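Quick notes on the structure that follows.
Nothing in this text is a laboratory measurement; each read-out follows from the coordinates by a stated rule. Nothing here was measured: the structure is a model prediction, and the numbers come from that model. Glycine also receives a Cβ, built like all others from the backbone with ideal geometry; neighbour counts cover every protein chain displayed.
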Amino acid sequence: MAEHTEPGEARADRAGGRSVARKLIASHLVSGEMTAGREIGLRVDQTLTQDATGTLVMLELEALDLDRVRTDVSVQYVDHNLLQADERNMADHIFLRSACRRYGLWYSKAGNGVSHPTHMQRFGVPGATMVGSDSHTCAAGSLGMLAIGVGGLEVAMAMAGEPLHVTMPEIWGVRLTGGLPPWLSAKDVILEMLRRHGVRGGVNRIIEYHGPGLASLTAMDRHVIANMGAELGATTTVFPSDGRVLEFLVAEDREDAFTEIVADPDASYDVTDEIDLSALEPLIARPGSPGDVVPVREVAGEEVHQVVVGSSANPGLRDFASVAAIVKGRQVPPQVSLDVNPTSRQILVDLTRMGATADLVQAGARIHQAGCLGCIGMGQAPAIGRNSLRTFPRNFPGRSGTRGDLVWLCSPETAAAAALTGRITDPRDLGTDPPAVRLPRRSSVNRDMLEAPPPADAAPRPELEKAPSIGVLPELDPLPEELEIPVVIKVGDDVSTDEILQAGARALPFRSDIARLADFAFTRIDEDYPRRAREAGPHAVVGGRNYGQGSSREHAAIAPRHLGLRLVLARGYARIHWQNLVNFGILPLEFAEGGDYDRVGQGDVLRIGGVRDALKAGNEVEVRNVTKGETYRALHRLSQRQRDLVAAGGQIPLLRERALNER
């Protein structure tokens, strides 16, 4: 058995061959050294944006005065806000399409599918780098890509030809052996990782899967595992580009895109782990956190009122076809709502040609349009106090759109078993072997569903189409020399960006208008925060460990910044949100001594004198609690580049400042 090193006990990288992750980084490295903890710059080949974050990205491109994207491929997907409750949704889609035509992006209209599997089908290229303004961009690691979820402003910078700056992660090698038993699938593999390591286990790490067990996992199985690496807090996840990847690309009529990329036989890793696939059992994440994972048998019998199949976490044809095969010829109980969200038009066509769509409908399932839908809280909100089982990646409190929700995360097999029985059920109790599922060797490829950008020399240059609901980016002033500000809100550990700035049917229609969207900041935790923040003006937020986990949406940084947020003092941060704070000129500090977190209260006034000089002097900053007469040691992890960003008030003001100096 391979050496097992618990997170936090990483050993030094041994000399030897290179892993897939190191090969991908080395081939795109433009600055820095591949030493864990150091800042590096990477050339970016592709970008991905979706409508919930893309509108801000396009406004940022406008602010950067970009003529045309400078990446190999950039694609804008419409997959999150598909509910056209009023004119704002359609207005955003019109604006996004006009921005694609102006700046040279591909456009995927509403109903084409969820960005991650659709991009994998049409544009994924082994060996390429990609950044996306969605935390689950890491799913493309299933094809041997280096795909990293980041904030929208970093995507905009990548489109402008700038490198991506990240902290060089440790490489966490996870060796897979054996094969999955009947009634288990790839979701149980990533749930096992979360059971072992929790939502912070992958922070500052790239997870690389290797070993003989890979042969049993298709490219889309790997997508399931790579997608939810985000729930471990990992920078990204990578798999080799091997025969299973070639098999996928052949099915998508893109075999010319294949390049073999595998780890050297003597590749070494900073951290190691091993999973025997044959020893796994069906797993499920209990309500409230993707990291609270237990065997299904431990919670079997809990009554279920909703089952939702779909999302980027289980987007493959097999995932839907297996549910259809399990429920075929049977009927879902009347108290259960079985909702099926196809992840792309292509998958819906293939399901229909297989006869699986009819099997689902006849069993009582509701077939919805291709998109994220309930995963982002856009419809399908469960009843209060009733269990909802979902094949989704996240179950943060309230993310479903219901306060007091009870959302469980599970595999398609476990979801189908619950849909049939009306209770959480170990799928192995349905029979000795699951029904056989035969998938087509070739997919129903439809290249015409995506709109290509106009030629670079097209004239006249298309104009942006902005409805009144499309707002503007707020003005971002420089960091003051002195900070003396109140703590307007104090929050605990593992607060997600869903809780900082919710999505869902109430808030998401305002995603293009930061001034209006700010009314929703922190309201899932404290409905009075927006009022107090506006009254306070410049202010601070105090957070616990893993502050800002989850979605990459930069709205969770820019909306509180609009309300006056200048400082976050936390026990620790999730990677993407930390970077988003920096990008918008919010100073992220960490308590040097964990006990000091307990000493700070809401309403306390914090003071940092000579804050700019303090940042230049080193990585330690003194924070004075004026209210209690105490002083705390705080740390920052800012590179010199990032110190300049924060001091200028954010990335956009810094670029404007540099442009003026160059004139």
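Enumerate the amide H contacts of residue 144 below 5 Å, restricted to partners 5 or more residues apart or on another chain; note that Pro and chain-start residues carry no placed amide H.
239
Sorting check: for 397-407, 168-178, which peptide has the highest mean count of neighbouring beta carbons within 10 Å, and how do the rest follow?
168-178, 397-407
First measure r as the distance between the Cβ atoms of residue 602 and residue 215, then evaluate 1/(1 + (r/R0)^6) with R0 = 51 Å and state the FRET efficiency to the nearest 0.05.
0.40
So how do 324-331, 278-285, 445-452 stack up, highest first, on mean other-Cβ count within 10 Å?
Sorting 324-331, 278-285, 445-452 by mean packing, highest first, produces 278-285, 324-331, 445-452.
Do you know the relative contact order of the chain, to the nearest whole percent, from alpha carbon pairs under 8 angstrom that are 6+ apart?
14
Please turn the phi angles of the range 216-232 into ³J(HN,Hα) values with the Karplus equation 6.51 cos²θ - 1.76 cosθ + 1.60 (θ = phi - 60°), one per residue in order, whole Hz, x for glycine and proline.
For the range 216-232, the Karplus curve yields 8, 10, 5, 4, 6, 4, 5, 4, 4, 6, 5, 3, 8, x, 4, 6, 7 Hz.
For the chain, what is the percent of antiparallel DSSP beta bridges, rounded to the nearest 5?
35
Apply the a/c threshold of 1.5 to the C-alpha gyration tensor of the range 474-518 and tell me whether it is rounded, prolate or oblate.
It comes out oblate by the Cα gyration axes.
Can you give me the relative contact order of the range 126-170 as a percent, contacts being Cα pairs under 8 Å and 6 or more apart?
33
Based only on the alpha carbon positions, what is the Kirkwood hydrodynamic radius of the range 467-555, in angstrom?
When all Cα pairs of the range 467-555 are included, the Kirkwood radius is 14.3 Å.
So if R0 is 41 Å, what FRET efficiency would residue 352 and residue 531 give, r being the distance between their Cβ atoms, rounded to the nearest 0.05?
After rounding, the FRET efficiency stands at 0.20.
Around residue 18, which amide H atoms from residues at least 5 apart in sequence, or from another chain, sit under 5 Å from its own amide H, with H modelled in the peptide plane?
It is 264, by chain and number.
Please give the calculated 222 nm ellipticity per residue for the chain, where each DSSP H segment of at least 4 residues contributes -39500 (n - 2.57) and the sum is spread over every residue; nearest 500 deg cm²/dmol?
Rounded to the nearest 500, it is -8000 deg cm²/dmol.
Using amide H atoms built in the peptide plane, which far-off residues or other-chain residues are under 5 Å from residue 568 H to H?
For residue 568, the qualifying residues are 541, 587, 589.
Could you name the lysines in cross-link range of residue 109, using Cα to Cα under 22 Å and dropping any fewer than eight places away on the same chain?
466
Could you check the spin-label model distance between residue 465 and residue 65? Points 7 Å from the Cα along Cα→Cβ, value in nm.
About 2.7 nm separates the two model spin labels.
Across the range 610-620, in residue order, what do the Karplus-derived ³J(HN,Hα) couplings come to in whole Hz, using 6.51 cos²θ - 1.76 cosθ + 1.60 with θ = phi - 60° and x for Gly and Pro?
In residue order, the calculated couplings are x, 4, 5, 5, 5, 5, 6, 6, x, 9, 10 Hz.
With viscosity set to 1.567 mPa s at 4 °C, what whole-number translational diffusion coefficient in µm²/s follows for the range 483-662 from Stokes-Einstein and a Kirkwood radius over Cα pairs?
Answer, rounded: 79 µm²/s.
Before anything else, pin down the relative contact order of the range 483-662: Cα pairs under 8 Å, at least 6 apart, normalised by residue count, whole percent.
Computed over the range 483-662, the figure is 22 percent.
Where both partners of a DSSP beta bridge lie in the range 283-430, what percent of those bridges are antiparallel, to the nearest 5?
Of the beta bridges lying entirely in the range 283-430, close to 25 percent run antiparallel.
How big is the range 27-126 by the Kirkwood estimate over distinct Cα pairs, in Å?
It is 15.0 Å.
Taking R0 as 30 Å, what FRET efficiency do you get between residue 515 and residue 83 from their Cβ-Cβ distance, rounded to the nearest 0.05?
So the FRET efficiency works out to roughly 0.85.
How far, in nm, would the chain grow between residue 620 and residue 274 when pulled straight, counting 0.36 nm per residue and subtracting the alpha carbon separation?
Net length gain for the segment: 120.8 nm.
Hey, what D do you get for the range 283-430 in µm²/s if you plug the Kirkwood alpha-carbon radius into Stokes-Einstein at 20 °C and 1.002 mPa s?
D = 145 µm²/s.
Quick one: Karplus J couplings for the range 48-63, per residue in order, coefficients 6.51, -1.76, 1.60, θ = phi - 60°, nearest Hz, x for Gly and Pro?
Running phi through 6.51 cos²θ - 1.76 cosθ + 1.60 with θ = phi - 60° gives 9, 10, 10, 5, 5, 10, x, 4, 5, 4, 5, 5, 6, 4, 5, 5 Hz.
Per 0.36 nm of contour for each residue apart, how much would the distance between residue 26 and residue 441 grow if the chain were fully extended, relative to their Cα-Cα spacing?
So the extension gain works out to 145.9 nm.
Arranged from highest to lowest average of other beta-carbon atoms within 10 Å per residue, in what order do the peptides 295-301, 312-318, 160-166 appear?
Highest to lowest by the protection proxy: 312-318, 160-166, 295-301.
Please figure out what share of the DSSP beta bridges in the range 483-662 is antiparallel and state it in percent, rounded to the nearest 5.
50
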